[in-house]
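Step one of this worksheet: look at the structure below.
Laboratory data are not the source of any read-out in this text; all were calculated from the coordinates shown. For clarity, every value in this text was computed on a predicted model and none was experimentally measured. Glycine also receives a Cβ, built like all others from the backbone with ideal geometry; neighbour counts cover every protein chain displayed.
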Amino acid sequence: MGKQQIKVATIDLYNNERNEGMRCIKEIVSEAGDKYSEIDLMYDVYETRYKGDIPGDEFDIYISSGGPGSPFEGEGTQWEKDYFNLIDNIYNHNQSSAEKKKYLFFICHSFQMMARYFEFGTVSKRNMKSFGVMPFSKTEEGVEDVILESLSDPFYAADVRQYQVTEPNNKKIEELGANILSFEIVDDESGIDPAIAAVRISNEIVGTQFHPEADPKSMLYHFKQPERKQQVVERYDEKHYYEMMDLLKQPDTIKLTRKTVIPNFLNTAIEELSKVLVEDK
C-alpha cells in the first residue's frame, strides 16, 4: 500500500534577503516527515515577495515566512494581491463544507500581513526595533492552545521586527471566532501597549509575531553580526547582550519554542489530514 501524500508549501517573504528562517522551516518540516513513516510529506518553496511566485490550492499545509521591512511595502503590487487572494481562498475553503481543510501558519512579517487581512488589530511601526530573545505571556486561550500549551508562562522566543500589531479589534475577533493567544511583555513604566504576539483565527489558521522556527544557530548568526550587536548594546547595554547570548544556551527558551510551536501545528494538521485521507480510501 502506498504512502498517504500531504503537500506543504512555504511562502518565502524574505525578498531575497539572506536569512536563516527558511533553513529552520525546512528542517522542521523534514523532522515532521521523519516522524510519520506512513506519510509522504512533499515540500515546495515559493519566493512570493521576490519573484511573485504563489502556491496554488493543491497544497494541504502552508507556512508563510518572516521577512524584512514594512508589511505595507507591497501595497498595490501583484504579488500582494495574489498573496491575499490565496489567504482568501484558504479561509473560504475552510468555511465551506469541505471535509479536508487547509492549514496555514504565519510568521512575523507574515503575521503583520495576516493582521492586515483579518483586521484583528492595528499594524504600525514601532518606536524602536525589537531584536533578540524576548519573553512573551500567554492569554487564557493561549494556555490551552496546542501550539503554546507545553511552554512556560512567560516563554521565550526570537523577536526581530520593526512593526507591530496592537489595539485588538475585539468586535472583529469575535466575528471571526478568533482568539489572541499571547502578548509581548513590556516594562510597566514604559506606557507602551504590548503588541499582540500570537493569534488563532480557526482550528486551521494561526500565526505568531515572534519567530518560533528560530534555533540557537540562527540567532547566533544574527547576534554575531557587528551591526546587530550594536543595536542591542545601544538599546540596552552590553550586559543585556551577553544575557541574551546566555539565553540561547538554555534548553527551556528558544530551543523549546523551536521544538514546540510549529511542530505542534504540523502534527495537528498531519493527523487531521490523515483521518480524512483514510476515510476517502
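Cross-link pairs exceeding 23 Å between alpha carbons, from the set 81/171; 7/100; 26/217; 7/259; 26/259; 26/102: 81/171.
GNM, the chain, Cα, under 10 Å: largest mean-square fluctuation among 53, 215, 246? Comparing 53, 215, 246 in a Gaussian network model of the chain, the most mobile one is 246. With both labels modelled 7 Å from their Cα along Cα-to-Cβ, the residue 267 to residue 243 distance reads 3.2 nm. Using the Cβ-Cβ distance between residue 73 and residue 97 with R0 set to 51 Å, the FRET efficiency from 1/(1 + (r/R0)^6) comes to roughly 0.85.
Around the amide H of residue 53, modelled in the peptide plane, lie the amide H atoms of 47, 48, all under 5 Å away and 5 or more residues distant in sequence or on another chain. Ignoring lysines fewer than eight residues from residue 239 along the same chain, the ones with Cα atoms less than 20 angstrom from its Cα are 129, 224, 229, 249. Annotation note: chymotrypsin sites (Phe, Trp or Tyr not before Pro) in region 141-247 located in DSSP loop regions with a Cβ neighbour count of at most 16 within 10 Å are 236.
Close amide H partners of residue 139, meaning residues 5 or more places away or on another chain with modelled amide H under 5 Å apart, are 182, 183. Using the Stokes-Einstein relation with a Kirkwood hydrodynamic radius computed over Cα pairs, the translational diffusion coefficient of the chain at 4 °C and a viscosity of 1.567 mPa s comes to 67 µm²/s. Sparse packing (at most 13 other Cβ atoms within 10 Å of the Cβ) combined with a DSSP loop state is found for the following trypsin sites (Lys or Arg not before Pro) in region 238-274: 249.
The helix-based estimate of mean residue ellipticity at 222 nm for the chain, built from -39,500 (n - 2.57) per DSSP H run of four or more residues and divided by its residue count, is -12500 deg cm²/dmol to the nearest 500. Fully extending the segment from residue 252 to residue 85 would add 56.3 nm, taking 0.36 nm per residue of separation and subtracting the current Cα-Cα distance. Bridge orientation summary for the chain: considering DSSP beta bridges with both residues in this region, about 50 percent are antiparallel. Build a GNM of the chain with springs between Cα atoms under 10 Å: which of 226, 135, 212 gets the top mean-square fluctuation? Of 226, 135, 212, the most mobile in the Gaussian network model is 226.
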